[in-house]
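Q: What follows is a structure written as structure tokens; I'll ask about it next.
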């Protein structure tokens, strides 16, 4: 272990300074009001002065890649497919915005979500590179990203804009896909940890114990690569988990410590990290105790763990509520922590049709304009003519504007792409807006159903996103971030999977029976014969 | 009731149904027995919505209607229920005129016989036709256009008939099956020749020139559709292509949907070809065998469509069943009318029941409905064979000869399985 870190330090010192690399890590712990504890790790590697590959020059050999801290496996994928910006998240569970507030990392969509901005090129089309990227990443992260094919891919540029700068070399295009049924587990965490310079041996990543992380009420990881002009390529690996100490502790107490949450401790800091810190967001109430004691900065306690700092690594950080015998859940009604609360449901009792309804509540005393994005796989057909917007039991079509609908279109491989609905909603203060649209459920071929067909299909969540500031002037006190709704389960009608031969035989028999009788009549000559008795 | 008032009374009844707010109409609009993806009112509305919102309706996978319907309902008239009632009335009126032309009666007679009341009732009150019409399925228009075509052809109005068949084919491409008998009908007479078969006596050259005229109308309509669909050909793939490639596997009473749901992917194109060619195979044999009575040939081909076409709805066999009333001369010679009737009753009860058990109640599975659709196929096939049998059997007439000598009545029967050797 020690030898490894020495080698890493040596490698770091001896790297030819083609590009300066900088690695920072950070953990934010926040006790939540429902007794849970949210933890958010972020590991940021910056490649100074590096520019994403120009896709128009994909035929020419690429410059050689020398990385000391940046993961080579990911770097190769980014260069091979000339990716300017990449976001991959793998999450499990439903983020409870009302009680937990906005997450530190906004991408909390259930399942897998992948979106990439790529420069257009005539050498290799964006779609070819998108397909290559999916397969490469699915190999790298052991996730079924390969199934994010044309049945899942769209290009919602308004909701998912470039977060960094736009390189000047080409027109950029977005490809976005999500797979809500992806299960996130240990096999995804192991390759994730391999991308870190200190792996899980030192620094904050030493806390990442899969047994604990995947036992959390909500957990997810993310890979974000963006390019900022003047800075370079920034790789941000994030891991968030929401623990429930009241569930796991014997006395139903919400006391937590890093040791109790992760069952591990930080033995030493990562030697190559330029900064490494743990910050604890302190609750508003005062009856808690935090150890080790430290001066508070803006409502949070920050512990510096970097090797360069003089302070010793605190073996454990813990928070107690000494006066509390057991944790009492706050009594409802609770004011939601986010200005918008969203509920999305699929009604209907039959397997052939239903009503998709979304209700958005504005909890703030100000009108909010929100972008609304719905990406529906062709499993459901939306009847857009039945779209209704209602608030306080009256139809208010004026509250939905800039409606853009892209129906499913047939791709060259015969699959239907998802349909996409994008609109701007204006939600009056302290009121609820209800959107409903009728849907039809598809009848699929028997080969298109998954092996567990009776379980149903997961429908990706809708996205609500704040509009760019130029479009509206909402004061910063009601600032909010992107909101993902939970996934829905669609109960599709299934054919019988056991009898393709029987159906072929029975249908063909009936057809030949009718054909035979009919042509038998047509080809016979009619004569009158005497029947002898 | 006076027989002359049957048509007006029934038409009033139908109009009343259109304007009254009937319960359950929403369920009818979603029903798979009476709406197919090609005829569903919901999809028509969706197409109109997309047109209003500057989305190409034919880009998505959900709209399959003809651009002609789209343009009519987006510019001239909104799709209101009264149009379907009027279309039903036109269909009944056309059926009546076909009857009069076949019987050689005056077209504008003041008096009406019982048979005529029966024909009108058989069309307007036929549940297989009434329910699709109440559900605002566009199959009502296809049926009315088919009957108008036959009416014009029977009355010897070539241009009108050819224009009507061009419209019908534009709405539903399978109606191409009816083109040959209609051309034959235009050069001969609609009068019943079933009892006295004779070789075709019309002029072949005239048929060729009529076919040319049809092609002209048809191309004009295709051109108009292309202009309506913003100069693109994509509507052809979305609307006509859907009948050939079956992109939507929504259940219906026909034989295609479950077969292609369960089909192995690599055999799909082959069987799609087989099922499509199977329909075309019937045209020539039927037209040759019934060359003496092309109206009857058209009737049989409508029966073939009502059994075997893709995206079948009850309106297709419904048209065939209503048209049986045009041919009273064959009723006595039907081979097994009771069996056919019972099969139809059986299918009409089983289809909605099994459909509900499968998709709503969740107590049955797809095989339940498939079994019901096989019964429907049997019923359609039995009706077709029955009609074909009767149409040929009538030529032999009733043969009952009293034999001499022994004073006994020797029974003479028609031999069924005597093979023609020539």
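The values are calculated or read from the model by the stated rules, or taken from the named source; none is laboratory data. Keep in mind that this is a model prediction, so the values were computed, not measured. All Cβ positions, glycine included, derive from the backbone under ideal geometry; neighbour counts span all protein chains shown.
Q: Touching a helix residue (DSSP H, G or I) at 6+ places or on another chain (Cβ under 6 Å) and closer than 30 Å to residue A:275 by Cα: does that describe residue A:167?
A: The answer is no for residue A:167.
Q: Would you confirm whether any residue within region B:370-389 is at pLDDT below 50, at the interface with chain A (Cβ under 10 Å from one of its Cβ atoms) and surrounded by 12 or more Cβ atoms within 10 Å (Cβ to Cβ)?
A: No, every residue in region B:370-389 fails to be at pLDDT below 50, at the interface with chain A (Cβ under 10 Å from one of its Cβ atoms) and surrounded by 12 or more Cβ atoms within 10 Å (Cβ to Cβ).
Q: While we're here: Name the single residue that is surrounded by the most Cβ atoms within 10 Å (Cβ to Cβ) among those in region B:254-289 being within 9 Å of another protein chain (Cβ to nearest Cβ) and not in a helix (DSSP H, G or I).
A: Within region B:254-289, the match that is surrounded by the most Cβ atoms within 10 Å (Cβ to Cβ) is B:255.
Q: Okay, moving on. For region B:2-77, give me every one of the helices (runs of 4 or more DSSP H) that falls completely inside it and has 2 or more residues that are within 14 Å of another protein chain (Cβ to nearest Cβ) and either without any contact (Cβ under 8 Å) to a residue 24 or more places away in the chain or within 24 Å of the chain's Cα centre (by Cα) (or both).
A: B:25-30, B:41-52
Q: Another question, if that's okay. Out of (1) in contact with a strand residue (DSSP E or B) (Cβ under 8 Å, 6 or more places away or on another chain); (2) under 20 Å from residue A:459 (Cβ atoms), what's the single condition that is false for residue A:368?
A: (2)
Q: Consider residue A:152 carefully, then state whether it is under 27 Å from residue A:460 (Cα atoms), modelled with pLDDT of 90 or more and not in a strand (DSSP E or B).
A: yes
Q: Okay, moving on. Can you confirm whether residue A:108 is under 21 Å from residue A:488 (Cβ atoms) and either part of a loop (DSSP other than H, G, I, E, B) or more than 19 Å from the chain's Cα centre (by Cα) (or both)?
A: Spelling it out, residue A:108 is indeed under 21 Å from residue A:488 (Cβ atoms) and either part of a loop (DSSP other than H, G, I, E, B) or more than 19 Å from the chain's Cα centre (by Cα) (or both).
Q: Given the conditions (1) more than 8 Å from chain B (Cβ to nearest Cβ); (2) over 30 Å from residue B:282 (Cα atoms); (3) modelled with pLDDT under 95, and given that residue A:530 satisfies all but one, which numbered condition is not satisfied?
A: Of (1) more than 8 Å from chain B (Cβ to nearest Cβ); (2) over 30 Å from residue B:282 (Cα atoms); (3) modelled with pLDDT under 95, only one is false for residue A:530: (1).
Q: Please specify each residue of region A:251-264 satisfying the condition of being in contact with a strand residue (DSSP E or B) (Cβ under 9 Å, 6 or more places away or on another chain) and not in a helix (DSSP H, G or I).
A: Of everything in region A:251-264, those that are in contact with a strand residue (DSSP E or B) (Cβ under 9 Å, 6 or more places away or on another chain) and not in a helix (DSSP H, G or I) turn out to be A:253, A:254, A:255, A:256, A:257.
Q: For region A:510-519, what are the residues that are exposed (fewer than 14 other Cβ atoms within 10 Å of the Cβ) and touching a helix residue (DSSP H, G or I) at 6+ places or on another chain (Cβ under 9 Å)?
A: Result: no residue meets the conditions.
Q: I'd like to know if region A:315-337 contains one or more residues that are surrounded by 18 or more Cβ atoms within 10 Å (Cβ to Cβ), on the phi < 0 side of the Ramachandran plot and within 14 Å of chain B (Cβ to nearest Cβ).
A: Checked against the condition, which is being surrounded by 18 or more Cβ atoms within 10 Å (Cβ to Cβ), on the phi < 0 side of the Ramachandran plot and within 14 Å of chain B (Cβ to nearest Cβ), region A:315-337 yields no hits at all.
Q: Next up: Could you tell me how many of the residues in region A:401-435 are crowded, with 17+ Cβ neighbours inside 10 Å, more than 9 Å from every other protein chain (Cβ to nearest Cβ) and assigned to a strand (DSSP E or B)?
A: 11
Q: Do the conditions hold for residue A:131, that is, is it in a loop (DSSP other than H, G, I, E, B) and in contact (Cβ under 8 Å) with a residue 12 or more places away in the chain?
A: no
Q: Another question about this same structure. When region A:43-77 is examined, which residues are found to be in contact with a strand residue (DSSP E or B) (Cβ under 6 Å, 6 or more places away or on another chain) and closer than 21 Å to residue A:173 by Cβ?
A: Result: A:52, A:55.
Q: Going by the structure shown, is residue B:404 at pLDDT below 95, over 31 Å from the mean Cα position of the chain (by Cα) and more than 8 Å from chain A (Cβ to nearest Cβ)?
A: In short, yes.
Q: Taking the condition of being within 27 Å of the chain's Cα centre (by Cα) and under 29 Å from residue A:21 (Cα atoms), how many residues in region A:220-263 meet it?
A: Matching residues across region A:220-263 total 21.
Q: Test residue B:306 against the criterion of being away from chain A (no Cβ under 14 Å) and either crowded, with 19+ Cβ neighbours inside 10 Å or outside any loop (DSSP other than H, G, I, E, B) (or both), and give yes or no.
A: no
Q: Sort through A:485, A:494 and tell me the only one that's surrounded by 14 or more Cβ atoms within 10 Å (Cβ to Cβ) and either modelled with pLDDT of 95 or more or away from chain B (no Cβ under 14 Å) (or both).
A: A:485
Q: Still on this model: Can you find a residue that is over 30 Å from residue A:432 (Cβ atoms), surrounded by 13 or more Cβ atoms within 10 Å (Cβ to Cβ), in the same structural domain as residue A:33 (by TED's automatic domain parsing) and without any contact (Cβ under 8 Å) to a residue 24 or more places away in the chain anywhere in region A:249-265?
A: Yes.
Q: Condition check: in a helix (DSSP H, G or I), surrounded by 17 or more Cβ atoms within 10 Å (Cβ to Cβ) and touching a helix residue (DSSP H, G or I) at 6+ places or on another chain (Cβ under 7 Å). Does residue A:137 satisfy that?
A: In short, yes.
Q: Give me the strands (runs of 3 or more DSSP E) completely within region A:265-382, filtered to those with at least 3 residues that are closer than 27 Å to residue A:177 by Cα and at pLDDT 85 or above, ordered by residue number.
A: Per the criteria, A:340-347, A:353-362, A:368-376.
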